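Below is one structure, written out as structure tokens; the observations come after it.
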Amino acid sequence: MSEFFTVLTSAGEARIANAIATNTTLNVSHVAVGDGNGAPVAVIEGRVALVGEVYRAPINTLAQDPVDLSLYVAELVIPSEVGGWTIREVGLFDDAGTLLAYGNFPESYKPVIAEGSAKELVVRMYMRASAGASIQLKI
């Protein structure tokens with residue numbers, strides 16, 4: 001397994017299984033990033049929240065791989081005026097606020113202009129779900 005990865009949470013697995021069983025759609029709406037409260041995080045399926053969430057916003061894009069139907073990519077764009085922290089973790093949420101997937105992230109400092117530098121940061125989160133899952137982006 002690679003050093004940085006994402007897992008479906010227990011709640012995420014249950015929500016996806018329910019969407020498949022009831023032939024309903026799971027509305028994925030937000031990505032959040034966190035600083036891990038200053039330390040690297042352990043990626044575990046039982047998480048219900050980020051260790052140290054610092055920013056959450058609607059997903060910019062959510063795409064299903066055309067070849068591997070179980071692979072989804074969620075993208076978050078963090079604007080240049082937001083930051084002042086180091087990203088160490090990432091989470092994917094549905095419209096009910098349930099943490100569906102959780103992952104660790106290579107330490108990346110997100111500066112703000114007041115610090116003398118700024119950057120817009122694109123965060124991509126890859127997650128695997130059942131091939132038959134009905135997942136859609138909800139904004």
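Would you mind stating whether residue 96 is of a type in the set (Gly, Ala, Ser) and surrounded by 14 or more Cβ atoms within 10 Å (Cβ to Cβ)? Step through it out loud before you land on a result.
Details: of a type in the set (Gly, Ala, Ser): yes; surrounded by 14 or more Cβ atoms within 10 Å (Cβ to Cβ): no.
Against the criterion (of a type in the set (Gly, Ala, Ser) and surrounded by 14 or more Cβ atoms within 10 Å (Cβ to Cβ)), residue 96 does not qualify.
Could we say that residue 102 is open to solvent by less than 40 Å² (accessible area, probe 1.4 Å), of a type in the set (Phe, Trp, Tyr) and touching a Lys or Arg at 6+ places or on another chain (Cβ under 7 Å) here?
Yes, satisfied.
Looking only at residues in the range 81-127 that are over 19 Å from residue 42 (Cβ atoms) and among the basic types (Lys, Arg), which one is modelled with the highest pLDDT?
Across the range 81-127, the extreme among qualifying residues is 110.
For the range 1-93, which strands (runs of 3 or more DSSP E) that fit wholly inside it have 1 or more residues that are open to solvent by 50 Å² or more (accessible area, probe 1.4 Å) and either more than 17 Å from residue 122 (Cα to Cα) or in contact with a strand residue (DSSP E or B) (Cβ under 7 Å, 6 or more places away or on another chain) (or both)?
26-34, 53-58, 61-64
The values are calculated or read from the model by the stated rules, or taken from the named source; none is laboratory data. Everything quoted here is computed from the prediction, not taken from an experiment. FYI the Cβ positions are ideal-geometry reconstructions off the backbone, even for glycines, and counts take in every protein chain you see. The accessibility values were calculated without ligands, DNA or RNA, using every heavy atom of the protein model including side chains. Shrake-Rupley method; radii C 1.70, N 1.55, O 1.52, S 1.80 Å.
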